[in-house]
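For reference, the structure discussed in these notes is given below.
The values are calculated or read from the model by the stated rules, or taken from the named source; none is laboratory data. The shown structure was predicted, so the numbers you read here are calculated from the model rather than taken from an experiment. Ideal geometry is used to build each Cβ from the backbone, glycine not excepted, and the neighbour counts take in all protein chains shown. Accessible surface is based on the protein model in full, side chains and every heavy atom, while ligands, DNA and RNA are left aside. Shrake-Rupley method; radii C 1.70, N 1.55, O 1.52, S 1.80 Å.
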Amino acid sequence: MKNLTFENGDRMPIIGLGTWKSEPGQVKQAVYWAIESGYRHLDCAAVYQNEKEVGEGIAQAINEGLVKREELFVTSKLWNNSHKYEDVKPALEKTLSDLGLDYLDLYLIHWPISFKRGIGFAKTRDEFYTYLDVPLTQTWEGMQHLKTLGLAKHIGVSNFNQAKLREVMNIGGQKPEMNQVEMHPYLPQKALVQFCRENGILMTAYSPLGSPDSRNESHKNDPVLLNDPVIELIAKKHGASIGQVLIAWSVARDIAVIPKSTNQARIKENLAAAKLKLDQNDLMELDDIGVEFRFINGKFFTGPESPYKLSDLFE
Ligand code: A2P
């Protein structure tokens, strides 16, 4: 399995298990199956509200001798309601306690959006903070402190565009080591990828399969990445599944990828994509796919009551 390498030489396995929307009652088993089948990278977040159960899966695997803590690469994310400097460390400590760990390999600012303390999902104007109330640079200073303390070995961001990356890089000190954003052939994020490469920022692709479990009434007209005819032909050619082609596409770009599954067969299938090598022709066809679509469109943070705009999130 390919790894991404941080500047200090630490390595992150390029394929990890995603846990967004992994249901309580299923995610402990999913994490255990994943580790058992060879995953060493787990992607978590406080807002997924399942970190305790993820932690139980990790603990079971460690207790049974399947893996040692130091062989795992565990990521989590700071939620929007803990962006004030003094709230950053307690938020990480809660995540560590839920996961049953004493350090994270990577901690990310989940979104460049800030809610007041205790607000799970801000709806009314008074539940948001603005950038004047809590500048992102303040949150980034809190993150840098966690790295100094060794509570997070690496720190980064998620859903940051180039302008926001520049803003936190401008304060000096540790730059973001990772930017995790939505990425797949319908949203290759070429300019952002180039910017991150030029600045030595690693990247992770979320919703690599097009987030099919986000499909609901208001998303019923969204394209279905897993039904794409171009990708289907490439999959057939290699005797692989469409999901595997999507994962291999990210691996070919040296971008970490975190497909979510709680199904044992698909958990294994997704890891096996590490062996699928796409050729230049496949990559050109995927480059030319002709559909552009963002599945996680950010509108839930930018409604009429919000002080934030879509341009705060995306390129
Ligand atoms: P399940 O958990 O039942 O496997 P994304 O990572 O883009 O958010 O996609 C996650 C969704 O895709 C989940 O609904 C998951 O369902 C499903 N899924 C995961 N792996 C595959 C696969 N290899 N093929 C098809 N669907 C998959």
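Observations, loosely collected:
- Among the residues making up segment 266-293, a single one is free of Cβ contacts under 8 Å to residues at least 24 places away in the same chain and open to solvent by less than 70 Å² (accessible area, probe 1.4 Å): ASP279.
- Options ASP213, ASP254, ASP222; residue that is in a helix (DSSP H, G or I) and either over 14 Å from the mean Cα position of the chain (by Cα) or over 22 Å from THR75 (Cβ atoms) (or both): ASP213
- Of the strands (runs of 3 or more DSSP E) lying entirely inside segment 66-183, the ones with 2 or more residues being in contact with an Asp or Glu (Cβ under 6 Å, 6 or more places away or on another chain) and buried (at least 17 other Cβ atoms within 10 Å of the Cβ) are found at 73-78, 152-158.
- Taking first residues from segment 187-208 that are farther than 26 Å from SER241 by Cβ and partners that are among the hydrophobic types (A, V, I, L, M, F, W, C), the Cβ contacts under 6 Å between residues at least 6 apart in sequence or on separate chains come to CYS196/MET203; LEU202/LEU4; LEU202/MET178.
- Top-ranked residue of segment 3-19 - restricted to ones that are within 20 Å of SER207 (Cα to Cα) and more than 14 Å from the chain's Cα centre (by Cα), ranked as surrounded by the fewest Cβ atoms within 10 Å (Cβ to Cβ): ASN3
- Residue that is surrounded by the most Cβ atoms within 10 Å (Cβ to Cβ), among those in segment 191-210 that are within 12 Å of the ligand (Cβ to nearest atom) and not in a strand (DSSP E or B): PRO208
- Evaluation of PRO304 against (1) in a loop (DSSP other than H, G, I, E, B); (2) more than 9 Å from the ligand (Cβ to nearest atom); (3) in contact (Cβ under 8 Å) with a residue 40 or more places away in the chain (one fails), failing number: (3)
- The residue list SER37, SER22 contains one member that is open to solvent by 10 Å² or more (accessible area, probe 1.4 Å) and within 16 Å of the ligand (Cβ to nearest atom), which is SER37.
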